[in-house]
Amino acid sequence: MDNYASLLGMLIKIGDYYAARVIFYAMPIQNIAAWNPLTSAYEQCGKPNEALKLFHQLQLSKTAKPDWVTLVSTLSACVQLGAMGLGGWINVYIKKKLNCHLTTSLIDMYCKCGDLQKALVVFHSVYRKDTFVWSAMIADHAGLVEEGRTFFNSMELVYGVLPGVNHYACMVDILGQAGLLEEAVELIEKMPMAPCASVWGALLGACTIHENVELAEPACSCLLELEPRNHGACVLLSNLYAKAGKWDRVSGLRKLMRDVGLKKERGCSSIEVDGIVHEFLVGDNSHPSSKKIYAKLDEMAARLETIGYVSNKSHLLQIVEEDDVKEQALPLHSEKLAIDFGLISTGQSQPIRIVKNLRGCGDCHSVAKLVSKLCDREILLRDWYRFHDFREGHYSCMDYWCL
């Protein structure tokens, strides 16, 4: 068994997951010490669907049962896919066996899947709250400035827990979203430790929302010093330059990305229906229900036109590489396909929960808002930067979208 475990660990370390899985299935006994590293590896390398498939196999296993390590990895995969159904099952499974890691993971999962009330129930059920539990709760009060400040200030004054770098990142995000950019910068300058990448990323994202080029440039520079391969930072700044009409800077930044081999990740949206996660790419026609989805897309386009909707071409300002041109087909963006699939696949009383791996565009934001009114449906959309809740044509994020 030791030889199998060593080989499995080595293959995972070098990223050969296919070979690792072959070795895994060849093991005489697949104990939990073998299940955990493979599940965690899939979750951490951006293959959450594979992680969940492995977890479902573990549930049927007669030789091993999931432990807290397994469940933390699985909850993280649920967050990436918006699979709150499975996350809720895990909550019930471990209700009386919570530790700080599981508590933090549950709070994060519920918040990022759009159920803040359940997150608060878990939060308040914990008697001794450590820094990780506080981090999860503060991070998901984005847009609620006073509530965020209360949580942040209560940590040391009431509970004797010193805020760490991640707590500061959360507060920078909250202040930045609210347009309090100067206050966010002041908070960064007063930090008792060096700002991490998430701090600069939060400031850069806020500058993008509020179109502040002056603060965005140093924020992006500091972020790239810490994470030179962060293509998202370059894309954000490039889009901000494009919005401001600074095309020479757009070209310079795109050239830099090409020179160092950075490439924009393709957009992907996922939705969980009846315990199954469905994923969509822009212009995707691979889904078994594609004909019904596109029929619904056409139907909704016609209904949107009747209330005066016109697609916002300002979201096509960005200069893109040739193989990214398809990404600019606004009616076929992945989140629109996911919304239409949700409309035809879920009951009227069910929220449509969607997760996107990148930041959503303003046009998709507008469409989701209008569809929520036309169809009387709640649409919960989480992109990689924030959570949006659309109900009856209203929204929770005060129109904070990514341009």
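The values are calculated or read from the model by the stated rules, or taken from the named source; none is laboratory data. Values in this document were obtained by computation on a predicted structure and should not be read as measured data. Don't worry about glycine lacking a Cβ; one is built from the backbone with ideal geometry, like all the others, and counts go over all protein chains shown. In case anyone asks, the SASA skips ligands and DNA or RNA and just uses the protein heavy atoms, side chains included. Shrake-Rupley method; radii C 1.70, N 1.55, O 1.52, S 1.80 Å.
Which of the three applies to the chain, rounded, prolate or oblate, going by the alpha-carbon gyration tensor with a ≥ b ≥ c and a/c under 1.5 meaning rounded? It is rounded, given that a/c, with a ≥ b ≥ c, falls under 1.5.
Could you give the size of the charge dipole of the chain about its Cα centre, using +1 on the Cβ of each K and R and -1 on the Cβ of each D and E, expressed in debye and rounded to the nearest 20? Each step should come with its number before you reach the end.
Numbers: 41 positive and 46 negative charges, 214 e Å.
So the magnitude is around 1040 debye.
Taking Cβ atoms as reference points and 9 Å as the exclusive limit, the residues near residue 208 contribute a net charge of +1, counting Lys and Arg as +1 and Asp and Glu as -1. Structure remark: mean-square fluctuation, Gaussian network model of the chain, C-alpha springs under 10 Å; the largest value among 276, 307, 94 belongs to 307. Pairs over the 26 Å Cα-Cα cut-off, from the set 243/356; 296/369; 62/356; 190/243; 13/118; 263/291: 62/356; 190/243; 13/118; 263/291.
Straightening the chain between residue 97 and residue 19 buys 24.7 nm, computed as 0.36 nm per residue apart minus the Cα-Cα spacing.
Let's test the formula: R0 of 45 Å, r as the Cβ-Cβ distance of residue 350 and residue 217. What FRET efficiency results, to the nearest 0.05? Show your work: numbers first, answer last.
Numbers: r = 44 Å, r/R0 = 0.97.
Computed FRET efficiency for residue 350 and residue 217 comes out at 0.55.
Looking at the chain, identify the longest residue range that excludes and avoids all chymotrypsin sites (Phe, Trp or Tyr not before Pro) in DSSP loops having at most 15 other Cβ atoms within 10 Å. Free of exposed loop sites, the longest segment is 160-383.
Of all DSSP-defined beta bridges confined to the chain, some 75% are antiparallel rather than parallel.
Just the number please: accessible area per residue for segment 121-216, 1.4 Å probe, all protein chains included, in Å². The partial results should precede the final answer.
Numbers: 4490 Å² over 96 residues.
With all protein chains present, segment 121-216 gives 47 Å² per residue.
Note on the chain: GNM, Cα springs under 10 Å; of 338, 20, 83, the largest mean-square fluctuation is that of 20. Here the extension length gained between residue 63 and residue 256 equals 64.3 nm, from 0.36 nm per residue of separation less the Cα-Cα distance.
When the chain is treated as a Gaussian network with alpha carbon springs shorter than 10 Å, the biggest mean-square fluctuation among 363, 274, 383 belongs to 274.
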